[in-house]
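Engineer: One structure coming up, written as structure tokens, with questions to follow.
The values are calculated or read from the model by the stated rules, or taken from the named source; none is laboratory data. This one's a predicted model, so the numbers in the text were calculated from it and none came from an experiment. Here Cβ is always computed from backbone atoms with ideal geometry, including for glycine, and neighbour counts include all displayed protein chains. Just so you know, the surface numbers come from the protein's heavy atoms only, side chains and all, with ligands and any DNA or RNA stripped out. Shrake-Rupley method; radii C 1.70, N 1.55, O 1.52, S 1.80 Å.
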Amino acid sequence: MNDAMKRLFDMLSSAAALIVLFPLLLVIALWIKLDSKGPVFFCQQRAGLYGQPFLVFKFRTMVHRAPEAIDQHKEPVVSCGRDLRITCAGRFLRATSLDELPQLFNILKGEMSVVGPRPVLMEQKEVVPPGYMKRFWVRPGVTGLAQVRGRRSLDWLQQLAFDAEYVEKRSFLYDLGIVLQTIRVVFLGRGIYGGDGLNWRAYRNRLNGHPPDDKDVEETLK
């Protein structure tokens with residue numbers, strides 16, 4: 001599937017989904033507003049196509065804090081649904097992945113695709129080894145290969161490996177297979193939360209100020 005066909009599919013499918021799901025989006029928005037103080041949507045800068053920054057849209061699932069009050073390099077990992085930072089509505093939205101639905105607007109804007117590597121934080125981009133930078137050759141997706149292979153239960157470098165594998169294998173049928181697998185993964189509720197030792201911050205700390213290197217991948221994935 002070439003880029004033009006993929007873009008057309010993204011636009012048509014996201015527009016159709018927004019029309020069908022519009023009542024559900026309104027109900028979720030009202031629930032979030034009644035459940036806790038703060039905006040309905042959570043907007044955050046992520047690395048998109050070619051690593052360029054864009055604002056990703058999600059339903060807010062955590063207590064509201066000003067962006068400048070969050071240091072991503074030191075922010076504790078959300079490792080379970082009992083985390084006090086997560087709201088009551090947020091626990092359900094995360095468990096069902098409904099918090100990702102506003103990214104349909106990102107797809108319409110051309111910033112994301114239905115399938116592709118998940119958009120990472122700009123801080124996470126700093127710790128992507130050179131061999132995995134190819135993940136930025138395509139638009140980030142609402143779902144992707146890493147999401148159906150383990151989601152957040154995967155090691156940071158394993159996630160990147162699957163992202164790179166997707167870029168090499170992508171096609172219409174490959175994307176369709178990932179979408180169908182995503183439905184199963186979401187239904188089963190697997191891989192929603194990750195552990196402290198698996199995240200990108202742990203890898204960054206291990207680097208101890210050195211730039212990421214492809215040899216780290218070989219050592220980690222042995």
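Engineer: What is the chain's relative contact order, in percent, from Cα pairs under 8 angstrom and six or more apart in sequence?
Structural biologist: Value for the chain: 22 percent.
Engineer: Right, something else. R60's amide H: which non-local residues (gap 5+, or another chain) put their own amide H closer than 5 Å, with H modeled 1.01 Å from N in plane and none for Pro or chain starts?
Structural biologist: Amide H to amide H, under 5 Å and 5 or more residues apart or across chains, R60 pairs with F41, F42.
Engineer: Taking +1 at the Cβ of each Lys and Arg and -1 at the Cβ of each Asp and Glu, which of F59, P39, L18 sits farthest along the dipole of region 11-139 towards its positive end, judged by Cα position relative to the Cα centre?
Structural biologist: Of the listed residues, the answer is L18.
Engineer: Now for a different question. Once you place label points 7 Å from the Cα toward the Cβ at A95 and K33, how far apart are they in nm?
Structural biologist: Here the answer is 2.5 nm between the modelled labels.
Engineer: State the volume of the convex hull built on the alpha-carbon positions of region 5-60, expressed per residue in Å³ and rounded to an integer.
Structural biologist: Enclosed volume per residue, from the Cα hull, is 70 Å³.
Engineer: May I pose another question? What is the set of long-range amide H partners of G48 at a cut-off below 5 Å, with H atoms built 1.01 Å from backbone N?
Structural biologist: It is F54, by chain and number.
Engineer: Can you compute the modelled spin-label distance between Q52 and Q72, with each label point 7 Å from Cα toward Cβ, in nm?
Structural biologist: Placing both labels 7 Å beyond Cα along the Cβ direction yields 1.8 nm.
Engineer: Provide the gained length on full extension for the span E168 to L207, in nm with one decimal, where the gain is 0.36 nm per separating residue minus the Cα-Cα distance.
Structural biologist: Here the answer is 11.3 nm.
Engineer: Additional query: Let me test this: with uniform point scatterers at the alpha carbons of the chain, what is the Debye-based log₁₀ I(q)/I(0) at q = 0.09, 0.11, 0.17 1/Å?
Structural biologist: Debye intensities relative to I(0), on a log10 scale: -0.36, -0.54, -1.39.
Engineer: Next up: Going by average Cβ neighbours within 10 Å, how do the peptides 160-172, 14-26 rank, with the highest at the top?
Structural biologist: 160-172, 14-26
Engineer: Right, something else. To the nearest 20 Debye, how big is the dipole of region 73-153 about its Cα centre, given +1 on the beta carbon of each Lys and Arg and -1 on that of each Asp and Glu?
Structural biologist: 200
Engineer: Here is a further query. Under a Cβ-only charge scheme (Lys and Arg +1, Asp and Glu -1), can you give me the dipole magnitude of the chain about the Cα centre, in debye to the nearest 20?
Structural biologist: 520
Engineer: Counting only heavy atoms of protein chains, what accessible area per residue, in Å², does the chain have with a probe of 1.4 Å?
Structural biologist: Dividing the accessible area of the chain by its residue count gives 54 Å².
Engineer: Looking at L101, P212, G48, which one has the Cα that reaches farthest to the positive end of the dipole of the chain (charges on Cβ: Lys, Arg +1; Asp, Glu -1)?
Structural biologist: Sorting the options by dipole projection puts first L101.
Engineer: Stretch A16-R82 to full length: gain in nm at 0.36 nm per residue minus the Cα-Cα span?
Structural biologist: The span from A16 to R82 would gain 20.3 nm if fully extended.
Engineer: Would you mind computing, in nm to one decimal, how far apart the modelled labels at L188 and D3 are, each placed 7 Å from Cα along Cα→Cβ?
Structural biologist: So the label points at L188 and D3 sit 3.5 nm apart.
Engineer: Further question: Could you sort 177-183, 59-65 so that the peptide with the highest average Cβ count within 10 Å comes first and the rest follow in order?
Structural biologist: Averaged packing, sorted descending, gives the order 59-65, 177-183.
Engineer: Another question about this same structure. Taking 0.36 nm per residue of separation and subtracting the Cα-Cα distance, what length does fully extending L25 through R65 add?
Structural biologist: Contour length minus Cα-Cα distance gives 12.1 nm.
Engineer: Toward the positive end of the charge dipole of region 20-172, about the Cα centre and with charges on Cβ (Lys, Arg +1; Asp, Glu -1), which of I86, P140, V127 goes farthest?
Structural biologist: Farthest along the dipole direction, towards plus: I86.
Engineer: A follow-up question, please. Over all directions, what mean area does the Cα convex hull of region 117-181 project, stated in square nanometres?
Structural biologist: So the Cα hull casts an average projection of 4.1 nm².
Engineer: In addition: Arranged from highest to lowest average of other beta-carbon atoms within 10 Å per residue, in what order do the peptides 207-214, 132-139 appear?
Structural biologist: Final packing ranking: 132-139, 207-214.
Engineer: Moving on to the next point. From the backbone phi of region 9-16, what are the Karplus-calculated ³J(HN,Hα) couplings (6.51 cos²θ - 1.76 cosθ + 1.60, θ = phi - 60°) in whole Hz, Gly and Pro given as x?
Structural biologist: Each residue of region 9-16 in turn: 4, 4, 5, 5, 5, 5, 5, 5 Hz.
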